[in-house]
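Taking it in order: structure first as structure tokens, then the write-up.
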């Protein structure tokens, strides 16, 4: 009987040893898969870092372009404001000149007893052009 217990114990130890070996083989396979996944993960992280660096350089380029555009736009806006102010002054001077010309034209006409129609803008513009040409001719004549 003692042989049977010894044989039974050795058989159980053999079975346990076989199960341990099978478990180790399975564990080894899982460790290989984890190492392969680790390499894949490292490659993915490396690609992500590279993509992040490229994106940072692109953002820096966009910021520089934005600054240049902002400076250019600020210069153009300032120039536009200057031109707008000049045009406004010239319009005021033109309106004043037109008012004086209308008074001159009105004073040169003989009084008419019939009500007159409003002045034709083309005739006023032509009179203003003639007046400007005469004034320019006088200034050139004085300078010569």
Does residue 36 count as in a helix (DSSP H, G or I), surrounded by 10 or more Cβ atoms within 10 Å (Cβ to Cβ) and under 35 Å from the mean Cα position of the chain (by Cα)? no
Can residue 84 be described as within 30 Å of residue 128 (Cα to Cα), assigned to a helix (DSSP H, G or I) and either out of contact with any strand residue (DSSP E or B) (no Cβ under 9 Å at 6 or more places or on another chain) or at pLDDT 90 or above (or both)? yes
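The values are calculated or read from the model by the stated rules, or taken from the named source; none is laboratory data. These numbers were taken from a predicted model, which means no experiment stands behind them. Ideal geometry is used to build each Cβ from the backbone, glycine not excepted, and the neighbour counts take in all protein chains shown.
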